[in-house]
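The values are calculated or read from the model by the stated rules, or taken from the named source; none is laboratory data. Just so it is clear, the structure is predicted and the values come from calculations on it, not from any experiment. Cβ placement follows ideal geometry from the backbone for every residue including glycine, while neighbour counts extend to all protein chains displayed.
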Amino acid sequence: RTIDDLGALSGRTVLVRSDLNVPLDSEGNITDDGRVRASVPTLRQLTDAGARVVVCAHLGRPKGTPEQKYSLRPAADRLSELLGFPVLFATDTVGESANETVDKLHKGQVALLENLRFNEGETSKDDAERGAFADQLSHLADAFVSDGFGVVHRKQASVYDIAERLPQAAGQLVQTEVGVLRQLTSKPQRPYAVVLGGAKVSDKLGVIENLLEKADLLLIGGGMVFTFLAAQGYEVGTSLLESEQVARVRGYLADAENRGVQIVLPTDIVAATAFAADAEHEVVPADAIPADRMGLDIGPESATRFAEAIRGARTVFWNGPMGAFEMPAFAAGTQVVAQALVDATTSGALTVVGGGDSAAAVRQLGFADSDFGHISTGGGASLEFLEGKTLPGLSVLEA
Ligand code: 3PG
């Protein structure tokens, strides 16, 4: 169901679940506003239709009680700038402030409620506790629009239970994200290359297993690559290593070979004396990382090989930086891979960047969202979608 299926909205109060989980610096400034921007089209559609719009969202992982550093107020300020009119802010989610704020909303106005996760019921594993919180939320509105794609993999009150309590629809962001990711899961144009990076291989096991059946090429970089190198029998020095996953990864390498899926690993690594921006570093062969060095980026030869493979693909999905990109000395691999995706986009390939970290990385490195086919706002959500898992926040909308 789309927003249009909710019927006339003028004067009706619509609760929107957005994903405004944005990175903040120590002074509370938003350092990447991608998710706030992505929430705007749905809010604009609702305000244009004359709805009274109540936005709810989370920030970080507070444990059910208010904490100033997790306040959503900065997101309310940024939303006001983007929408071009003031967004009201309620200092609680379902209490006095929320009730008063919603009561005074006019047609076409927007209010943002304080962090949902300041309430234990939001993330509770207990159905009754979550349901009770969803009941309270539902009393604020006449209809619900699910637009927080980044949280659809969470069975939480504002994502799942609420949709069983109000007339509901998927917002524009959820529709767009699902539409693009479906192109990756059903009949992607080939060659289909998947670039995986980031720190932990254990976060990516499900997606690797699923992709071994779907992709033609898997390019592996980032901290997780050292578990792959160890699986090939190489020493990895002091690099990140998940020893308990080595056997499993060895199994993937064998499985890939049997299926004719190419797993491309780096042949050179930028190895440093410490995890620090000014650490001494050098490029070493991937099979000869010195015992006292840690790999912090893929090397230039590997980056060139990765880029060639990406430029030759018709479909590319990328999740996870290739190195410690926030330090300039270790950003080159991520930069070269990002540029290759941009080139592939220009020559007509479908390119998708998934995940908060990768999205922040490409923006920090100076790329624009429009350089890519699609930048997903979902990290865990887009990976779980590609794993083929049932996502509670989507299945509840289809019920
Ligand atoms: C994300 O950052 O991926 C989403 O906002 C979900 O946040 P969570 O992992 O804390 O549930």
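Data table
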| read-out | value |
| --- | --- |
| Evaluation of Gln339 against (1) out of contact with any helix residue (DSSP H, G or I) (no Cβ under 6 Å at 6 or more places or on another chain); (2) within 15 Å of the ligand (Cβ to nearest atom) (one fails), failing number | (2) |
| Filter pass, Asp369 being more than 21 Å from Ser39 (Cβ to Cβ) and more than 16 Å from the ligand (Cβ to nearest atom) | no |
| Answer from Ala231, Ala247 - the residue that is small (Gly, Ala, Ser) and buried (at least 17 other Cβ atoms within 10 Å of the Cβ) | Ala231 |
| Pick from segment 141-152, criterion in contact with a Leu (Cβ under 6 Å, 6 or more places away or on another chain) and not in a strand (DSSP E or B), ranking: farthest from Ser18 (Cα to Cα) | Ala141 |
| Selection status of Ser358, touching a helix residue (DSSP H, G or I) at 6+ places or on another chain (Cβ under 8 Å) and of a type in the set (S, T, N, Q) | no |
| Of residues in segment 139-169 being more than 17 Å from Gly60 (Cβ to Cβ) and hydroxyl-bearing (Ser, Thr, Tyr), the one farthest from the chain's Cα centre (by Cα) | Tyr160 |
| Test set (1) part of a loop (DSSP other than H, G, I, E, B); (2) modelled with pLDDT under 95; (3) more than 30 Å from Arg1 (Cβ to Cβ) - Gly323 fails condition number | (2) |
| Matching option when the condition is modelled with pLDDT of 95 or more, aliphatic (A, V, I, L, M) and under 23 Å from Glu301 (Cα atoms), among Leu341, Leu391 | Leu341 |
| Residue ID - farthest from the ligand (Cβ to nearest atom), chosen from residues in segment 6-21 that are of a type outside the set (Gly, Ala, Ser) and surrounded by 22 or more Cβ atoms within 10 Å (Cβ to Cβ) | Leu9 |
| Lone qualifier among Val337, Val353, Val362 - being under 25 Å from the mean Cα position of the chain (by Cα), assigned by TED's automatic domain parsing to the domain that holds Leu218, without any contact (Cβ under 8 Å) to a residue 40 or more places away in the chain and assigned to a helix (DSSP H, G or I) | Val362 |
| Output for segment 179-216, where each listed residue is outside any helix (DSSP H, G or I) and more than 22 Å from the chain's Cα centre (by Cα) | Lys187, Gln189, Arg190, Pro191, Asp216 |
| Met327, sole failed condition from (1) of a type in the set (A, V, I, L, M); (2) surrounded by fewer than 18 Cβ atoms within 10 Å (Cβ to Cβ); (3) under 18 Å from the mean Cα position of the chain (by Cα) | (3) |
| Output for segment 106-131, where each listed residue is among the small types (Gly, Ala, Ser) and under 17 Å from Arg154 (Cα atoms) | Gly121, Ser124, Ala128, Gly131 |
| In segment 138-161, residue surrounded by the fewest Cβ atoms within 10 Å (Cβ to Cβ) [restricted to those that are more than 9 Å from the ligand (Cβ to nearest atom) and under 16 Å from Leu112 (Cβ atoms)] | Leu140 |
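The rows are residues; the columns are (1) within 16 Å of the ligand (Cβ to nearest atom); (2) surrounded by fewer than 22 Cβ atoms within 10 Å (Cβ to Cβ).
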{"position": "Arg117", "(1), (2)": "yes, no"}
{"position": "Lys125", "(1), (2)": "yes, yes"}
{"position": "Ala128", "(1), (2)": "no, yes"}
{"position": "Gln168", "(1), (2)": "no, yes"}
{"position": "Val194", "(1), (2)": "no, no"}
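Yes or no, residue by residue, for (1) within 16 Å of the ligand (Cβ to nearest atom); (2) crowded, with 20+ Cβ neighbours inside 10 Å:
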residue	(1), (2)
Asp32	yes, no
Val36	yes, yes
Ala75	yes, yes
Val87	no, yes
